[in-house]
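Report on the structure given below.
The values are calculated or read from the model by the stated rules, or taken from the named source; none is laboratory data. Model, not experiment: these values are computed from the prediction. Note: ideal-geometry Cβ built from the backbone for every residue, glycine included; neighbour counts use all protein chains shown.
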Amino acid sequence: MLTDADCRNAKCPSGKARHRLSDGAGLYLEVSPAGSRRWFWRFYPAGKEDRLALGSYPEVTLKAARAARDAARRLHKAGTHPRQARQVEKLAKTSNRESSFEAVAREFHATQRSGWSDTYAEKWLRLSERNLFPWLGALPLRDVSAPALLATLRRVEARGAHNTAHELRQYAGQVFRLGIATGRCDRNPAADLADALKPANVRHMGAVLQPGRAGALMRDLDGYAGQPVTRAALLMSALTFQRPGNIRAMEWAEVDAEAELWTIPAVKMKRTVHGKVNGRPHLVPLAPQALAVLAELRPLTGHGRYVFPSLLTGEECMSENTVRAALRRMGYGNEEMTAHGFRAMARTLIAENLPDIHADAVEAQLAHGKAGPLGMAYDRAEYLQQRRDLMTKWADYLDRLREGAKVIALQGRAA
């Protein structure tokens, strides 16, 4: 039987390839000429000598080596080859790593990101790395229970980030669905948490929704005393009710004054990557009032690329804060009116006060996608005349509001 001192002082005699110090029951310490000391257990499967490596001394102590030997002997007596058992254990550990929540989440992200925008792909991974992986990442996917996921999401709720908690529940559900499809888990615990989280804080962007206030807003826009390019951007926001980012990035090459049309390339639209690459451009008919705004602006910015260039560099498009700051200077707080609010204003006032306009045409002009072939048809060029009629009536209505005409709210007909 060996002692710790024997192991500590063991050396390989000069001229020998190795030196073995036996401890008993097949366990021995093998010392090399270079001084390394390794534990082995000798056993005889099927009558032939074999050995199992148990680690190096002193990392594996004499006591630990004996325990490992005893465990291997038990496996051998039960009819299991110790080396094969070790290989199975190693494979199981590898499989668990590949089936961990984090591994499956990253696999899902890598699979889907080509169809996502760069912004969404970055957000998905960033939120997961910050909020899910530290608590769930190392767990095998099938071991993540609904209470464990809920506890993780409630850490996010505790920061007051209720919307993020709901987004993360959605992300986790996507991971579990991939796990089910690939046999790495049997159920989706995220589905059990639909009513377990606090309601999301849905914050509607400020918008002027009453005719009288819309008239006052239009008068304020007309009288805006700031930069003429900013004034034009404000007026075009009201007249076309397109997304603020599309208005800021409007290019002169996209405007056909003769055809009275603004064509927004698909790549600029709020769509999936596939839709940006393969989708049709979004057509925005320009009412005479909108064309007049552009005609007045062309001598100022028509020599460049953008209709509304940056006030600082002139090389890039207008910053997203420019219209917001202009509204603030006119006295409209963030809860009262925003750049995005022009869309809500148009949608609401058209529905309530221009009842001869079909709701689907308004949705199409807002570039709100609709499912099915009928919804897609509203984006086709053959419906252009319907949208020309819509945009002209809307611009005329804004003129009447600006002039202070008495407007009687009508009940919009059902779409």
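From the list ARG74, ARG69, the one residue that fits, being part of a helix (DSSP H, G or I) and touching a residue at least 24 places away in the same chain (Cβ under 8 Å), is ARG69. If you go through the stretch 110-149 and pick out every residue that is β-branched (Val, Ile, Thr) and within 16 Å of ALA190 (Cα to Cα), you end up with 1. Reported count of residues in the stretch 243-258, each being buried (at least 22 other Cβ atoms within 10 Å of the Cβ) and closer than 19 Å to PRO288 by Cβ, is 2. Pairing residues of the stretch 177-201 that are farther than 21 Å from PHE101 by Cα with residues that are exposed (fewer than 13 other Cβ atoms within 10 Å of the Cβ), at Cβ distances under 9 Å and at least 6 apart in sequence or on separate chains, gives ASN201/GLY160.
Residues are listed down the side, and each one gets a yes or a no for (1) more than 13 Å from the chain's Cα centre (by Cα); (2) at pLDDT below 90; (3) part of a helix (DSSP H, G or I):
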site	(1), (2), (3)
GLN84	yes, yes, yes
GLU89	yes, yes, yes
ALA92	yes, yes, yes
ARG97	yes, yes, yes
TYR120	no, yes, yes
TRP124	no, no, yes
ALA138	yes, no, no
ARG142	yes, no, yes
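Would you call ALA295 within 20 Å of ARG347 (Cα to Cα) and in a helix (DSSP H, G or I)? Answer is no for this residue.
Here is the figure for the stretch 286-315: residues that are more than 19 Å from GLY245 (Cβ to Cβ), free of Cβ contacts under 8 Å to residues at least 12 places away in the same chain and of a type in the set (A, V, I, L, M) total 1.
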